[in-house]
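Here the structure is laid out as structure tokens; the discussion comes afterwards.
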Amino acid sequence: MGRKSLYLLIGGILIAYYIYTPLSDNIEEPWRLMWINAHLKTIENLATFVELLGLHHIMDSLKVAWSFYEVPPTSDENVTVTETKFNNILVRVYVPKRKSEVLRRGLFYIHGGGWCMGSAAVNDYDLLSRWTADRLDAVVISTNYRLAPKYHFPIQFEDVYNALRWFLRKTVLAKYGVNPERIGISGDSAGGNLAAAVTQQLLDDPDVKIKLKIQALIYPALQPLDVDLPSYQENSNFLLLSKSLMVRFWSEYFTTDRSLEKAMLSRQHVPVESSHLFKFVNWSSLLPERFIKGHVYNNPNYGSSELAKKYPGFLDVRAAPLLADDKKLRSLPLTYVITCQYDPLRDDGLMYVTRLRNAGVQVTHNHVEDGFHGAFSILELKISHRLINQYIEWLKENL
């Protein structure tokens with residue numbers, strides 16, 4: 001074998017090693033998923049390297065990378081797409097072109113991205129909104145919000161809440177031909193967190209007379225108190241979203257001070273005076289038995305009060321909707337939740353389903369046995385189209 005051939009062989013082996021990740025047999029299109037993951041992992045590694053050099057914050061670099069996937073607000077043969085501002089928050093509005101004899105449904109959608117990156121303009125979110133508007137014959141509002149690390153909680157929450165309140169004004173609904181009795185909210189990942197949080201907040205807002213009919217949460221992040229749930233343990237290094245990256249997202253939501261991230265990873269960020277909150281996220285009592293099997297619940301390790309005093313957001317129900325008491329949950333609307341087996345956030349969604357049902361809320365739970373974080377919104381994958389079809393069918397029946 002010549003030297004050139006040897007180099008090519010070694011290079012091929014190294015590339016295959018970098019791309020290949022052992023996956024469960026039930027994962028569809030494994031090589032395509034591995035290729036997408038390798039692409040995203042390369043971007044993340046480069047962003048990490050740039051941060052280590054002290055040149056750029058990792059989340060700012062990832063934000064720039066996501067911006068290359070953005071598309072302009074272009075109408076097509078089925079849907080009119082425009083950009084406007086709702087209470088100074090930039091949103092995209094998707095309105096079906098076909099005439100309607102009745103007022104349409106309205107859906108307010110919140111994108112994911114760990115509160116740090118992404119926008120309504122990202123190609124996959126733009127396509128999702130178009131498809132939803134067309135197939136559901138609904139007006140879809142896809143909102144933006146200011147992002148970490150420049151902005152921290154509660155800015156993201158407040159941006160989404162203010163945009164939603166603007167949309168729920170009677171004059172705005174009339175402008176877009178939306179039926180005030182058929183309005184829903186939805187979001188994925190960090191967007192699912194924000195959707196759940198603002199839906200809870202609306203319950204206590206006397207100025208908002210129009211209420212939401214449904215909420216649809218796609219693998220939502222719902223609490224940062226316990227990041228050692230069985231799903232975090234089982235999927236700590238799974239593709240697309242690792243435990244370490246999710247904890248970094250949570251930490252960046254509240255501060256650029258990485259001492260919070262370090263404390264979260266060691267489970268020493270919650271002070272003893274907040275110990276009562278763990279009853280809302282105790283997976284040993286809230287997870288179905290099959291997700292507990294093989295795991296032992298350990299009592300939390302408590303940290304000092306210093307972090308909680310400096311960054312109280314991680315104990316705030318507006319950032320952690322799972323911390324809401326049963327009285328609040330009891331008043332929530334009809335709910336749809338997608339959870340994925342191979343997702344660190346799986347158990348957040350599972351616990352919320354349990355708590356909502358215990359509070360008497362009607363919940364449709366779609367647990368995807370071959371799913372993973374990002375399965376809903378990476379439109380290159382077949383599983384994404386399957387989940388979107390199920391999601392839109394549920395919206396047709398319930399919104």
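Points worth noting:
- Pairing each residue of the stretch 81-101 that is without any contact (Cβ under 8 Å) to a residue 40 or more places away in the chain and within 21 Å of Leu136 (Cβ to Cβ) with any residue that is in a strand (DSSP E or B) and open to solvent by less than 70 Å² (accessible area, probe 1.4 Å), provided the two are 6+ apart or on different chains, yields C-beta distances under 6 Å for Thr82/Val93; Glu83/Arg92; Lys97/Thr80.
- Counted residues, the stretch 151-176 - those being under 25 Å from Thr80 (Cα atoms) and not in a helix (DSSP H, G or I): 2
- Strands (runs of 3 or more DSSP E) wholly inside the stretch 1-118 that include at least 2 residues being open to solvent by 60 Å² or more (accessible area, probe 1.4 Å) and modelled with pLDDT of 95 or more: 79-86
- When the residues of the stretch 132-145 are filtered to those that are open to solvent by 10 Å² or more (accessible area, probe 1.4 Å) and in contact with a strand residue (DSSP E or B) (Cβ under 9 Å, 6 or more places away or on another chain), the one that is farthest from Gln390 (Cα to Cα) is Tyr145.
- Contacts under 6 angstrom Cβ, first residue in the stretch 33-48 being in contact (Cβ under 8 Å) with a residue 24 or more places away in the chain, partner surrounded by 14 or more Cβ atoms within 10 Å (Cβ to Cβ) and not in a helix (DSSP H, G or I), 6 or more apart: Met34/Thr21; Asn37/Leu239; Asn37/Leu240
- Qualifying position, being in a helix (DSSP H, G or I) and of a type in the set (A, V, I, L, M, F, W, C), among Leu241, Leu222, Leu245: Leu245
- Candidates Ala148, Ala195: the one that is of a type outside the set (Phe, Trp, Tyr), in a loop (DSSP other than H, G, I, E, B), under 30 Å from Met246 (Cβ atoms) and open to solvent by less than 10 Å² (accessible area, probe 1.4 Å) is Ala148.
- Among the residues making up the stretch 342-365, those that are in contact with a Ser or Thr (Cβ under 8 Å, 6 or more places away or on another chain), over 13 Å from Asn235 (Cα atoms), outside any loop (DSSP other than H, G, I, E, B) and open to solvent by 30 Å² or more (accessible area, probe 1.4 Å) are Thr364, His365.
The values are calculated or read from the model by the stated rules, or taken from the named source; none is laboratory data. This one's a predicted model, so the numbers in the text were calculated from it and none came from an experiment. Heads up, the Cβs are rebuilt from the backbone with ideal geometry, glycines too, and the neighbour counts pull from every protein chain shown. Only protein heavy atoms, including side chains, enter the accessible area calculation; ligands, DNA and RNA are left aside. Shrake-Rupley method; radii C 1.70, N 1.55, O 1.52, S 1.80 Å.
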